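Heads up: the structure comes next, in structure tokens.
What follows draws every value from the coordinates through simple rules; no lab data is involved. If you're wondering where the values come from, they're calculated on a predicted model, not measured in any experiment. Every residue, glycine among them, receives a Cβ derived from its backbone with ideal geometry; neighbour counts consider all protein chains shown.
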Amino acid sequence: MDQRALQAFFAPKTVAVIGASATPGKVGNAVVVNMLAAGFKGRLYPVNPKGGSIEGLPVARTPDDLPGGIDLAVFAVPRDAVLPAFESMAARGLKSAIVISAGFREAGREGYQLERDLAALARKHGIALLGPNCLGMINTAHGVNASFSASQPVPGSVAFCSQSGALCQAILDWSRGEHFGFSKFVSLGNKAVLNETELLSYLGNDPASKVIMGYMENVDGGEEFVRAAREVSRKKPVIMLKAGSTNAGAKAASSHTGSIAGSDDAYAAAFRQCGIVRAPDLESLFFLAEAFASLPLPRGPNVAVLSNAGGPGILAADACEKTRLHMARLSPETIQRLQAGLPPYASVYNPVDIIGDAGAERYKKSLEAVLDDPLVHAVLLLIAPTAMVEIEATATAIAQVARRSDKPVMTCLLGRAHGSIGRELLRQAGMPCYAFPEPALRSIEAMYAYAQWRQKPVPVFEPPQRDLDAARRVVAEAVAQGRQELSDFQARELLAAYNLSTPPTVLARSSAEAVDAAKAMGGRVVLKVDSPQLAHRTDVDGVALGLSGDVAVRQAFKDLTDHVRRIRPEAPVSGCLVQAMAPAGSLEVIVSMRRDDQFGPLLMFGLGGIHWEILKDISHHLTPLSRGEAFGMIRSIRSYLLLKGVDGEPAVNFRALEDVLLALAALAHDFPQVYEAELNPVLVNNDGALVAEARLTLRT
């Protein structure tokens, strides 16, 4: 999107309201009233066929009566009247537009087609189009409230965007009660043209917005979104609440905005990779935004808890241990300093208990002491509302000390009624104030994780060595044959082109052939029933392990083929694959890929068997994939220690495992027609990794 169109959108000098009304309670009236109440300094043009005046402004009867080159037009007319009015204004140089009207994609096929026509017209003329089916847009820095919101937001430094207009209304009302300020406030609606990606790119360079936060149900162009978010997150925090993470939520999201919510695994991977802070719920979204907008980032994980009551301090310590943070070990100098300024029965070890009769001066001196400790990276300050607490004086003193520090100080005023004045004073001083310690610690944890992400080097993506010509021949042959799946020998040819090793394997069509193949391999072997209709042989007991000797191999061949023909008569059985047993000390892992409809190839890694089937001990990553990120995938599973070696066992060959992940990521990039791929099991030990079985699904 042209940045000039977005500039005209956010900071217009001329605004037309198509469908303006003199009747209070109508959307067209609310937009005009809100623009005037926001202090808009430009020219405002109400448009209504009746003419006359609205709120003291002369009314144009049609869009053709307006001057050309309008910066922003707000459409608040019935759905079927939107396109004709839009066409008229587009032909006369309209730069940006907001379509508040509903009844488009979210309403069915006819509305879907109208929305497509509207979007095509906007793109043809380079018009920044917001909506349709949205609340509108607010820019507090330029006196713009082009929405039908019920109230004006408080100016602030947080930019907010949301797909839900009703949620926007509720948030605006809540924010006024909490004195939470916004720089920009955007209701995206159906996102016919403007979406999160365009807004992120613009807001990333907006000096008025220190933090970007949003509510999303789906994302359009997931790969472009990740690229934009990765760039913006290096500059400022981006905090998102993703709805539709459950089956019920995804279904509701589809009916709400006509969108598909998408895979939550893919969203989690995308957010993690591009540095987006994911809020678990609506309350946390604002706690996080307030903390990021108000406080410096912690330089480490060590937290000091300062409290005037023992119980809350202990609860805070317990809560801290459930996060990635640590209770700081105070330095001897800090302990001596606290002892000098506190009563003898106070606790000077973290958590620091300064006793219930602590006044403003005791809080001030104690906070200064712990903030000066180089081993402390953040402070959680708890105030229990005892009769001796000087709430106003204490809040003022805390704010003065915290403002001078480059470390975050989170305050927690326990209770509600007695601490309301102190809570207000702290928020006016730009300090988040919580009612309980747990959300405060979660905010510190999120800030620390974000600070760590910003310090990571930008990933370098280097595709592995591969024989692309050979790989193309395998895929082209499968497509020519009309195959929708590559398995066994065709899959092995493709893996070989990517330098992935596989164990010796022979297709035996009779028990005699199986015996001969086993002899040629030497040692113990595995037999696997071969049928194109069996995606997972273990599900039908189609695998026999650890076979040695002619009798055992011959009997296993007969038992396996008879068993599968009996329970799956529709599945043609061509024989058994005879495969060398796994090398000594091998562990089974699974590496897979599937294409997410919104984000593209999503990789999965985990240990085999119950580790991923039952315990779901797996990690995900979107492509592209760097070597460092490949190792991060391996290291992030809970059973990583098994790969490192236990009870004297050597560690597996991690580089070989990384090579498997990198090869699959490259294959997904090279061949968009490969929709899914599963390498299971991959046998890995200290020497290397072998792909024992592979299955790839083609999308024609």
In what sequence do Y112, Y675, Y45 fall when counting other Cβ within 10 Å, fewest first?
Y112, Y675, Y45
Just to confirm the number: angle between the C-alpha axis of helix 550-567 and the first principal axis of the chain, 0 to 90 degrees, nearest 10?
50 degrees
Just grab the label-to-label distance for K456 and D541, each label 7 Å out from Cα along the Cβ direction, in nm (one decimal).
4.5 nm
Find how many whole Å separate the alpha carbon centroid of region 108-162 from the alpha carbon centroid of region 278-323.
35 Å
Which Cα, out of Q598, A694, I614, lies furthest along the positive dipole direction of region 587-698 (beta carbon charges, K/R +1, D/E -1)?
Q598
K235: which lysines have alpha carbons under 23 Å from its alpha carbon, excluding same-chain residues fewer than 8 sequence positions away?
K184, K210, K407, K456
Straight-line reach from K528: which lysines have a Cα under 27 Å away, not including same-chain ones fewer than 8 places off?
K519, K558, K616
Can you tell me the dipole magnitude for the chain around its Cα centre, using point charges on the Cβ only (Lys, Arg +1; Asp, Glu -1), in Debye to the nearest 20?
1320 debye
Inter-label distance for R699 and Y345, nm, one decimal - labels placed 7 Å from Cα along Cα-to-Cβ
7.0 nm
Can you tell me the 0 to 90 degree angle between the C-alpha axis of helix 109-125 and the longest principal axis of the chain, rounded to 10?
70 degrees
Can you give the angle from 0 to 90° between the axis of helix 511-521 and the longest principal axis of the chain, with both taken from C-alpha atoms, to the nearest 10?
80 degrees
Straight-line reach from K26: which lysines have a Cα under 21 Å away, not including same-chain ones fewer than 8 places off?
K50
Over 18 Å [Cα-Cα, region 297-455], rounded percent
53 percent
Take the Cα of A571, step 7 Å along the line toward its Cβ, and report every residue of region 463-491 whose backbone nitrogen sits under 17 Å from that point.
485-489
Show the residues, 5+ positions off or on another chain, whose built amide H is closer than 5 Å to the amide H of L241.
G214, Y215, M216, A279
Mind giving me the nanometre distance, one decimal, between the label points for D562 and Y640, set 7 Å out from Cα along Cα→Cβ?
4.9 nm
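According to the Cα gyration tensor, what semi-axes, each the square root of 5 times an eigenvalue, does the equivalent ellipsoid of region 587-698 have, listed from largest to smallest in whole Å?
Three semi-axes, in Å: 23, 14, 13.
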Cα pairs beyond 20 Å in region 504-581, in percent, come to 20 percent
By how many nm would the segment from V479 to H179 lengthen if fully extended, with 0.36 nm per residue of separation less the alpha-carbon distance?
101.9 nm
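Taking 0.36 nm per residue of sequence separation and subtracting the Cα-Cα distance, how much length would be gained by fully extending the chain between S88 and S548, in nm to one decimal?
Working it through step by step, the gained length comes to 157.4 nm.
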Cα-only radius of gyration and Dmax that characterise the chain, units Å
31.4, 100
